[in-house]
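Q: For reference, the structure I am asking about is given below.
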Ligand code: IPE
Ligand code: IPE
Ligand code: MG
């Protein structure tokens, strides 16, 4: 499909430019089947593949996936270890295919906490795919919304301390410009699978006007059809950004 065709399709279907997902429910999916939790995480990787492919086909620009939160270190050491291993294997196994499919990979979060092998795989994958022009796939790993805002504010405080920034000049734009996904469009649609209706410290700043969608479907069961239902829900919503419904209707007619 050409870029132009994709633009037309997005317009027709009212597709989001940026979708972010809390991939939740892997553990329960496994437990329901009498399996170990890690089996659920493995099955979850298959879902990632499906949703990445579908996003590429639809011409969605950015897909951000929450893979590991800054709070997930609180899990049993064995599960954390297995998750890290799975992350390395998935990354090394999938990166060539992502590259072939013109996907640009970005990892956001405090990755300095990961072991050096994993950090290296991340840097290599990002470097290999940096110039790709298709879907931007953002993986949030050891990410927390509060961490993101904190590191942005710390960077600004350093400029103030160095005398290059006046506190009065700290604006929303300047904070935004220091956040992890600063150069990407803000998320239009947030999806959380697994039935919980909470943000769990995901993209706090960036979600201020994002449409929220929650589903009971567990992440390993979330397929293309379930994704379509979420996209259809988004397409039916009127985003007002503080305006009245009438104002928005006039703007869209103009
Ligand atoms: C989400 O699934 C994956 C990660 C947090 C890494 P969970 O592991 O949280 O699954 P549930 O919520 O226990 O079912
Ligand atoms: C959120 O899921 C983090 C990821 C999916 C990576 P959790 O399962 O950790 O969230 P809580 O603890 O139920 O809020
Ligand atoms: Mg969970």
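None of the figures in this text is laboratory data; all of them are computed from the coordinates on show. All values derive from a computational prediction rather than experimental measurement. FYI the Cβ positions are ideal-geometry reconstructions off the backbone, even for glycines, and counts take in every protein chain you see.
Q: Given 37 °C and 0.692 mPa s, compute D for the stretch 109-169 with the Stokes-Einstein relation, Rh being the Kirkwood radius over Cα pairs; round to the nearest whole µm²/s. Working shown, then result.
A: Details: Rh = 14.2 Å.
Translational D for this selection: 232 µm²/s.
Q: A further question on this structure: Which distance in nm do the two modelled labels at residue 93 and residue 183 give, with both placed 7 Å along the Cα-to-Cβ direction?
A: Taking the two extended label points, one gets 3.1 nm.
Q: Okay, next question. Can you give the extra length, in nm with one decimal, that the chain gains between residue 199 and residue 86 once fully stretched, where that is 0.36 nm per residue apart less the Cα-Cα distance?
A: Numbers: separation 113, 0.36 × 113 = 40.68 nm, distance 2.40 nm.
That works out to 38.3 nm of additional length.
Q: Taking every alpha carbon pair in the chain, what does the distance histogram look like in 5 angstrom bins from 0, in percent?
A: Here the calculated profile for the chain is 1, 5, 12, 16, 18, 17, 13, 8, 5, 3, 1, 0.
Q: Another question, then. So if I take the centroid of the Cα atoms in the stretch 130-147 and the same for the stretch 203-228, what is the distance between those two points in Å?
A: Centre-to-centre (Cα) distance: 16 Å.
Q: Here is a follow-up. Antiparallel as a % of all DSSP beta bridges within the chain, to the nearest 5?
A: For the chain, the DSSP antiparallel bridge percentage is about 0.
Q: Once you treat every alpha carbon in the stretch 183-225 as an equal point and sum by Debye, what is log10 I(q)/I(0) at q = 0.33 Å⁻¹?
A: The calculated log intensity ratios at q = 0.33 Å⁻¹ are -1.18.
Q: Let me ask another. Taking the stretch 126-254 as the region of interest, what is the percent of Cα-Cα pairs per 5 angstrom bin, listed from the shortest bin to the one with the maximum distance?
A: Distribution as computed: 2, 8, 13, 15, 17, 16, 13, 8, 4, 2, 0 percent.
Q: Full-extension gain between residue 71 and residue 33, please, as 0.36 nm times their residue separation minus the C-alpha to C-alpha distance.
A: 11.1 nm
Q: Remind me, relative contact order of the chain in percent, using alpha carbon pairs under 8 angstrom and six or more residues apart?
A: 27
Q: Quickly work out the residue 224-to-residue 174 label distance, labels modelled 7 Å from Cα along the C-beta direction, and quote it in nm with one decimal.
A: 4.8
Q: Turning to a different aspect of this structure: Binning at 5 angstrom from zero up to the longest distance, how are the C-alpha pair distances of the stretch 71-193 distributed in percent?
A: Per 5 Å bin, starting at zero, the Cα-Cα P(r) for the stretch 71-193 comes out as 2, 9, 16, 18, 17, 17, 11, 6, 3, 1 percent.
Q: Then there's this: Neighbouring Cβ atoms within 10 Å as the yardstick, rank 214, 202 fewest first.
A: Numbers: 214 17, 202 23.
With the sparsest Cβ surroundings first, the list reads 214, 202.
Q: What does the convex hull of the Cα atoms of the stretch 74-126 come to per residue, in Å³, rounded to a whole number?
A: 80
Q: Once every DSSP H run of n ≥ 4 in the chain is given -39500 (n - 2.57) and the sum is divided by its residues, what mean residue ellipticity at 222 nm do you get, rounded to the nearest 500 deg cm²/dmol?
A: -15000 deg cm²/dmol
Q: Using label points projected 7 Å from each Cα along Cα→Cβ, tell me how many nm separate residue 253 and residue 46, to one decimal.
A: 5.0
Q: Rounded to the nearest 5, what % of DSSP beta bridges with both residues in the stretch 18-166 are antiparallel?
A: Antiparallel: roughly 0 percent of the beta bridges in the stretch 18-166.
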